[in-house]
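Pasting a structure below so you can have a look.
The values are calculated or read from the model by the stated rules, or taken from the named source; none is laboratory data. This is a predicted model, so every value here is computed, not measured. With ideal geometry, Cβ positions are generated from the backbone for all residues, glycine too; neighbour counts draw on all protein chains shown. SASA here: full protein model, heavy atoms, side chains in, ligands and nucleic acids out. Shrake-Rupley method; radii C 1.70, N 1.55, O 1.52, S 1.80 Å.
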Amino acid sequence: MSYSYDDNNIFAKILRGEIPNDTVAESEHSLAFRDISPKAPTHVLVIPKGKYVSFDDFAANASDAEITDFMRLCAKVAKAEGVALDEGNGFRAITNAGNDGVQEVPHFHLHILGGRNIGPMLLMRE
Ligand code: AMP
């Protein structure tokens, strides 16, 4: 898998306003919205507005301003959802990358999951 960006991926369509989303928070360079198929009471996806395929693409190629903006929005979401450690009970932040990471949507996104015990980090399979 390369960093070649697919403009037709579903999050690109969300960013262009072509399909609806349940926005939780927005900043200059990032958007946070509820996962359409939530796996926990809190399941928010945070994405950069820029065209980054995966975590490693974003970490390597995004500007300092985009990275800072993204991280700050993640913190804002965790706090707003009541899962941040200052007031809440915690959460898990997950990002899947590429084939082995089983990434479905090829636009970088961080899952923020909380509101219940999220369980073991991985279910091991043979
Ligand atoms: P990943 O496997 O990490 O690429 O996760 C993709 C996530 O995007 C899944 O949890 C899906 O439920 C979620 N998803 C797919 N389409 C939408 C959509 N239109 N709005 C919100 N979440 C979506």
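How big is the convex hull of the Cα atoms of the chain, per residue, in Å³? Write out the running numbers ahead of the final one.
Working: hull volume 14.5 nm³, N = 126.
Enclosed volume per residue, from the Cα hull, is 115 Å³.
Run the accessible area of the chain with a 1.4 Å probe and give the carbon-and-sulfur part as a rounded percent. Let's see the in-between values first.
Values: 4120 of 7820 Å².
It is 53 percent, rounded to a whole number.
In whole Å, what is the distance between the alpha-carbon centres of region 1-32 and region 40-113?
Their Cα centres are 13 Å away from one another.
Put a dot 7 Å past each Cα toward the Cβ at ASN8 and LYS79; how far apart are the dots in nm?
So the label points at LYS79 and ASN8 sit 4.1 nm apart.
Would you compute, from DSSP H runs of 4+ residues alone, the mean residue ellipticity of the chain at 222 nm, taking -39500 (n - 2.57) per run and dividing by the full residue count, rounded to the nearest 500? Write out the running numbers ahead of the final one.
Details: 3 runs with 30 residues, N = 126.
That comes out to -7000 deg cm²/dmol.
Okay, next question. Filter LYS13/LYS51; LYS13/LYS39; LYS13/LYS79 down to the pairs with a C-alpha to C-alpha distance above 21 Å, please.
Table pairs above 21 Å Cα-Cα are LYS13/LYS39; LYS13/LYS79.
Another question, then. Placing unit charges on C-beta atoms (Lys and Arg positive, Asp and Glu negative, everything else neutral), compute the dipole magnitude of the chain about its Cα centre in debye, rounded to 20. Please list the in-between numbers first.
Values: 12 positive and 18 negative charges, 70 e Å.
It works out to roughly 340 debye.
Just to confirm, what accessible area per residue do you get for region 10-114 at 1.4 Å probe, in whole Å²? It would help to have the intermediate numbers written out before the result.
Working: 5630 Å² over 105 residues.
So region 10-114 comes to 54 Å² accessible per residue, rounded to a whole number.
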